[in-house]
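The values are calculated or read from the model by the stated rules, or taken from the named source; none is laboratory data. This structure is a prediction, so every number in the text was calculated from the model and none was measured. Positions of Cβ are backbone-derived with ideal geometry, glycine not excepted, and every protein chain shown enters the neighbour counts.
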Amino acid sequence: MSRRDSKLAPDLSRRGFLRFAGTGAALAGLSGVALASPVGAAPAAPLAAALPPPSDGNYWREVERLFMLDKKVLFMNVGTVGSPPIEVVDTVDRVHREVAIGALSAYSDFADVRAVAARGYGCDPDELVISHNTSDGMSKIIAGLGLRAGDEILTTNHEHPGGNVPMAIARDRHGVVLKRVELPVGNDQRAEDYVALFGKVITAKTKVLLFSAPTYKTGTMLPIPMLAKLAQLHGLTTVVDGAHIPGMMAYDFHELGVDFLAGSAAKWQCGPGGTGVLYIRNKVLPQYNPNPLPEFWPVVSSSYPEAGGLPPRSSGPVESYDIAEYLQSIGNGSMAIMAGVRNACEVWDRVGRQRIQDYVLGLSGYLKELVAERWGAQALYSPKDDPRLACALTCFNPFRNSQDVYDKDKSGAFVARLKEQYGIVIRNTDFPVIGMTRHPYPVRISTHLFHQNDDVERVVDAMWKLSGAMA
Ligand SMILES: Cc1ncc(COP(=O)(O)O)c(C=O)c1O
């Protein structure tokens, strides 16, 4: 796969940086990002490099030690925001200082950062943008598609505002029609149900299939490859709100067969705040998705070729241009934040993305079993038994009187008291349920690589006691 060289302004060439930064420059292979320490000290050795072998019984406790999370609190709301490893915080801090000392600018496409991230996500650098967050990615996707009046987006009733708002703008601005399927909740469902659910409402006007995987409301991982196949059969463009995918799931983005995926780099990937991952299919790999690339415009860019415009999109396995470069190059960027994203991806690659996925899904499977044991499986809003629908978010009704789940204030009080009395941070969600007029307000718990089995037991015990006290 060909890839353009990083485009830096002349005074910001790699050589220029290094000359400026002096002889102590740290050569970490990152254009314009790896700079010398301002105090002349070499950056600390990566902590993740010192982990014991994964077979060591203490492995995940050592992984936990890579993070600086407050030990007085059990933080289980990664679905809202993660916590960067210590070495990522150090990297961001060091580069921020170097940038401040040198008053350095970064008009860059950050090709090297994209290369590291793309390797971890199973795609090519020309297909991967480090965005500002999921919402930013979703906005750029929806605004960039060639949608016209009467075209339909088929989506769900459990989407996040990060996707709902740009869809509403497309509706109000261009006359795009939004159609929603109603999603099932709970354990009594299978991946095939989703194919049938979407399949029966696709019409000749449907142009886009857009869904969250997993949904943030119930933690249901919609079966992305199965839905991508369905979309391909009908010639639709697939857009995935994958806010929770980077850092949680070890997906190879090519293999998913989708056209677009927007995710966060600051939730499960534990990168610096205000970072995201935007995947744009930029070549035709027939084994994953033989359909032509959709019309797509890099709507936020300061490097789009003003004279001449875009070449035709590729129809084969080699890209015709680097679409990610156009979307990455937007005025002056942050070297510190980009160095942090790169470092977070490196930590994940060192631990092993598949190992992380297996571990976090294992913890969430354990949590779901404990919930089913104490409260009964009917308390779960997340699926438990079909592994294709599983993710590391667990959503359930913690109340002894099951009707209390419809009491918004009581649900809010439950989350607040769990923090005040037990030092555990979770959140609640709310959503429509088929056949119900009222929304439930269940709780949602995130299990991640800095958690242990005993943390899962601790949150279950605490919630059981609290629900007893609130009965
Ligand atoms: C499914 C989903 N989409 C989008 C978002 C917005 O994420 P971000 O803050 O990365 O824009 C969230 C946040 O929780 C989410 O859960």
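Listed values, structure above:
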quantity	calculated
Residue in segment 145-164 that is β-branched (V, I, T), buried (at least 23 other Cβ atoms within 10 Å of the Cβ) and under 21 Å from N282 (Cβ atoms) present	no
Qualifying position, being without any contact (Cβ under 8 Å) to a residue 40 or more places away in the chain and within 16 Å of the ligand (Cβ to nearest atom), among V258, V300	V258
Subset of segment 52-68 (residues that are within 29 Å of P214 (Cβ to Cβ) and surrounded by fewer than 18 Cβ atoms within 10 Å (Cβ to Cβ))	P54, Y59, R61, E62, E64, R65, M68
Pick from segment 162-182, criterion without any contact (Cβ under 8 Å) to a residue 40 or more places away in the chain, touching a strand residue (DSSP E or B) at 6+ places or on another chain (Cβ under 8 Å) and among the aliphatic types (A, V, I, L, M), ranking: nearest to the ligand (Cβ to nearest atom)	A168
Selected residue [within 18 Å of M221 (Cα to Cα) and not basic (K, R)] from Y359, Y304	Y359
Qualifying residue in segment 105-128 (condition: in contact (Cβ under 8 Å) with a residue 60 or more places away in the chain, within 15 Å of the ligand (Cβ to nearest atom) and buried (at least 24 other Cβ atoms within 10 Å of the Cβ))	no
Among residues of segment 350-369, those that are hydrophobic (A, V, I, L, M, F, W, C) and either in contact with a His (Cβ under 8 Å, 6 or more places away or on another chain) or within 14 Å of K384 (Cα to Cα) (or both), counted	4
Identity of the residue in segment 51-88, aromatic (F, W, Y) and outside any helix (DSSP H, G or I), that ends up nearest to the ligand (Cβ to nearest atom)	F75
Condition met for H254 (surrounded by fewer than 22 Cβ atoms within 10 Å (Cβ to Cβ) and in contact with a Phe, Trp or Tyr (Cβ under 6 Å, 6 or more places away or on another chain))	yes
Selection status of V284, over 11 Å from the mean Cα position of the chain (by Cα), without any contact (Cβ under 8 Å) to a residue 60 or more places away in the chain, away from the ligand (no atom under 14 Å from the Cβ) and not in a helix (DSSP H, G or I)	yes
Residue that is nearest to the ligand (Cβ to nearest atom) [pool: residues in segment 132-157 that are among the small types (G, A, S) and either in a helix (DSSP H, G or I) or free of Cβ contacts under 8 Å to residues at least 40 places away in the same chain (or both)]	S135
Residue selected from segment 379-405 under the condition assigned to a helix (DSSP H, G or I) and among the charged types (D, E, K, R), by the criterion farthest from P440 (Cα to Cα)	R388
One residue from D386, D358 being among the acidic types (D, E) and either touching a Lys or Arg at 6+ places or on another chain (Cβ under 7 Å) or in contact (Cβ under 8 Å) with a residue 40 or more places away in the chain (or both)	D386
Looking only at segment 220-245, and only at residues there that are touching a residue at least 40 places away in the same chain (Cβ under 8 Å) and near the ligand (Cβ under 10 Å from one of its atoms), the one that is surrounded by the fewest Cβ atoms within 10 Å (Cβ to Cβ)	H244
Which numbered condition V277 misses (of (1) out of contact with any strand residue (DSSP E or B) (no Cβ under 7 Å at 6 or more places or on another chain); (2) within 16 Å of the ligand (Cβ to nearest atom))	(1)
Residue in segment 288-299 that is out of contact with any Cys (no Cβ under 9 Å at 6 or more places or on another chain), assigned to a loop (DSSP other than H, G, I, E, B) and over 30 Å from H234 (Cα atoms) present	no
All positions within segment 365-380 that are small (G, A, S) and surrounded by 16 or more Cβ atoms within 10 Å (Cβ to Cβ)	G365, A372, A377, A379
Unique residue being surrounded by fewer than 17 Cβ atoms within 10 Å (Cβ to Cβ), assigned by TED's automatic domain parsing to the domain that holds V360 and closer than 20 Å to T215 by Cα when the list is G412, G435	G435
